[in-house]
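To start, the structure under review is shown below, and the notes come after it.
The values are calculated or read from the model by the stated rules, or taken from the named source; none is laboratory data. Everything numeric in this text was worked out from a predicted model, so none of it was measured. In this analysis, Cβ positions are derived from the backbone assuming ideal geometry, glycine residues included, and neighbour counts consider all displayed protein chains. The area values use the complete protein model at the heavy-atom level, side chains included, leaving out ligands, DNA and RNA. Shrake-Rupley method; radii C 1.70, N 1.55, O 1.52, S 1.80 Å.
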Amino acid sequence: LPTVTSPCKILKCNSEFWAATSGSHHQGTEEAPEFCTALRAYAHCTRRTARTCRGDLAYHSAVHGIDDLMVQHNCSKDGPTSQPRLRTLPPGDSQERSDSPEICHYEKSFHKHSATPNYTHCGLFGDPHLRTFTDTFQTCKVQGAWPLIDNNYLNVQVTNTPVLPGSAATATSKLTIIFKSFQECVDQKVYQAEMDELPAAFADGSKNGGDKHGANSLKITEKVSGQHIEIQAKYIGTTIVVRQVGRYLTFAVRMPEEVVNAVEDRDSQGLYLCLRGCPLNQQIDFQTIRSAQATEGRARRKGPSMPAPPEAFTYETATAKCREKLPVEDLYFQSCVFDLLTTGDVNFMLAAYYAFEDVKMLHSNKDKLHLYERTRDLAPGNTAPLGTPPALWVALLCLSQCWLCLL
């Protein structure tokens, strides 16, 4: 029979731990912090492969062994884990990390002969609409908690809740960002925001990366009290914008491709929304729903039993309202119309507007600011030519106007 490769990565976790602690099986007091760091990294590795190792005896043995070693060496489960260096010094450069002020500034860490870093953008807003790092635009259900980003340097998770009682329309009500401890730059920091609570500090009350030498390479700035904060993580070249618009939150990030792809096990990243997009069973057929909106005058999304929104927008009044802030009829404009018809909440128009403002600020390719509906004859992920709305959208507009005239 052909050999079957197991998706369980426990042997990889084992080998990394023993390599990190080789020759140090009997730690003295002074070596305990390093051993605990390696042990936490070992535990993190086992958690990442837990889903594919449920029936593996070696996995369960490792998990119990980690718990025993944690107790034996008085290790805290919370704390730094050993992280790979974001960028290594070239051969012949004897400069140590402790002597390098550039290590905590991503762009400065590029050497003279290195290529300029490529930056990507991801955003989530409205009911909810996702723009991935590859400029794919999706409208999704994703009710409950979902990971937006999960790489070696930070985790971002959002929680989406129903906009109206009994409605399947959802929006982001909670956001958690975990910046992992990194070398001598920053301690681990957690940022949490919820509806009606957009703090201008991390969960521990601090506004920077902690007590390390490069702590100011991670900073929070409040742009508008209770409405708009910005987090600069210079040590990984990343900018994050979080807003509260109405009752709900929006998220936008600018991140180098190298950081985006810094994932230990890409096979386990299927639910990393900013990288892979929403699962197929969570995606909404934007064309079909919008066609129904145009012909019916208001949304009947995700089932016929959805209650009517508090303010009834017609298709005509919704498009007029969205055109006030979004004159270009791209996917941000279409999302605005979609959300007004679905929720009746004018704040969703502002969410689409600010999402596009964040794209203008964060996206490195100004030719890709506007995205248009992909048509059925294009492969997934492709978009219609920039600058020209697709023929299908024009046809739908004509049909909707004719229908309104008949009414």
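Assorted remarks:
- Solvent exposure ordering (accessible area, 1.4 Å, most first) of Arg247, Arg254, Arg54, Arg40: Arg54, Arg247, Arg254, Arg40
- Around Ser206: net Lys/Arg minus Asp/Glu count, Cβ-Cβ under 15 Å: 0
- Order of exposure, largest accessible area first, which applies to Ile103, Ile240 with probe 1.4 Å: Ile103, Ile240
- Charging the Cβ of each Asp and Glu at -1 and of each Lys and Arg at +1, and nothing else, the dipole of region 104-277 about its Cα centre rounds to 320 debye.
- Reported value for region 109-203: 124 Å³ per residue, from the convex hull of its C-alpha atoms.
- Of Thr221, Ala168, Val190, farthest towards positive along the dipole that unit charges on Lys, Arg, Asp, Glu beta carbons give region 104-277: Thr221
- Atom-type composition of the exposed protein surface of region 102-245 places 46 percent of the accessible area on carbon and sulfur (1.4 angstrom probe).
- Rounded accessible area per residue of region 104-277, 1.4 Å, Å²: 38 Å²
- Within the shell of other residues whose beta carbon sits under 12 angstrom from the beta carbon of Tyr354, the net charge comes to +2, with Lys and Arg scored +1 and Asp and Glu -1.
- Taking every alpha-carbon pair in region 104-277 and binning the separations at 5 Å intervals from zero gives 2, 8, 17, 21, 20, 16, 9, 4, 2, 1, 0, 0 percent.
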